[in-house]
Amino acid sequence: MDFVMNSESGEIAFFDFDGTITSKDTLAEILKYIKGKFSYYFGICILSPIIVAYKAGILSNHRAKEILLIYFLRGMSIAVFNDYCYRFTEEKLPDLLKKSALHEIRKHLQRKTPVVVVSASPENWIFPWCSKYQIECIATKLEVKNNKLTGKIVGRNCSGKEKVRHIQEQYNLSEYKKIYAYGDSPEDLYMLELATEKNYKPFSSFSY
């Protein structure tokens, strides 16, 4: 997909990534890619009480994700992890992208509207994809110590109200005449409230 370089305009478009641009959750897919499906599903079985606690509202999204990341990624070299992430964006991610979402992104860029992906997934595989097509990126950051992943998140998981906080920190929305936002989950509704053009579940899950 060939996107075009954008200049400043009176519009801006914010897109959630997982489930909006993609057909599947990319965190799950990259963990399968790194660990293999058997090890991934075995780990999910071990972590099932954590998943149940999260679904029941007992455990926060932030803490549940950290426990998942600690189990699967703690101690992995950041260089090795980033290499996996780059190869994932090249080998696996293209098959997960929705054609209808890409078409919408392309339309914005052709109108010289800046596009920003705002994702709860770690930036390690979101940013390489975005930079390849000159899309801006706001995403969760993973903690690294001694060149290894700790499994912890720097700051807060970029989800829900955190998406709004990050957007408002980086963009003066009063400068834009029109603000588009696209999301597919209740946690994206906070971001959609910033928009003059709200798009909730806009792309069919069958439009890969």
- What Cys residues in the chain are without a partner cysteine, judged by a Cβ distance under 4.7 Å? 45, 85, 158
- Task: Would you calculate the separation in nanometres between label points at residue 70 and residue 90, each defined as 7 Å from the Cα along the Cα-to-beta-carbon direction?
- Result: 3.4 nm
- Hey, which aspartates and glutamates would be in cross-link range of residue 163, C-alpha to C-alpha under 15 Å, not counting anything within fewer than 8 residues on its own chain? 16, 18, 123, 136, 184, 187, 188, 193
- Note on the structure: Checked against a 19 Å limit on the C-alpha separation, the offending pairs among 112/201; 37/141; 65/152; 92/198 are 112/201; 37/141; 92/198
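What FRET efficiency would be calculated for the residue pair residue 200, residue 156, taking the C-beta separation as r and a Förster radius of 25 Å, to the nearest 0.05? Don't jump to the answer; show the numbers that get you there.
Working: r = 23 Å, r/R0 = 0.92.
Result of the calculation: an efficiency of 0.60.
Applying 1/(1 + (r/R0)^6) with R0 = 30 Å to the Cβ-Cβ distance of residue 111 and residue 32, what FRET efficiency is obtained, to the nearest 0.05? Walk me through the numbers before you get to the answer.
Working: r = 37 Å, r/R0 = 1.22.
Between residue 111 and residue 32 the formula returns 0.25.
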- Between residue 134 and residue 79, what length comes free when the chain is fully extended (0.36 nm per residue of separation minus the Cα-Cα distance, one decimal in nm)? 17.5 nm
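Restricting to the chain, compute how many DSSP beta bridges are antiparallel as a %, nearest 5.
Working: 6 of 23 bridges.
Rounded to the nearest five, the antiparallel share is 25 percent.
Since every read-out is calculated from the coordinates, none of them should be taken as a lab result. These numbers were taken from a predicted model, which means no experiment stands behind them. No Cβ is skipped: glycine too gets one built from the backbone with ideal geometry, and neighbour counts run over all protein chains shown.
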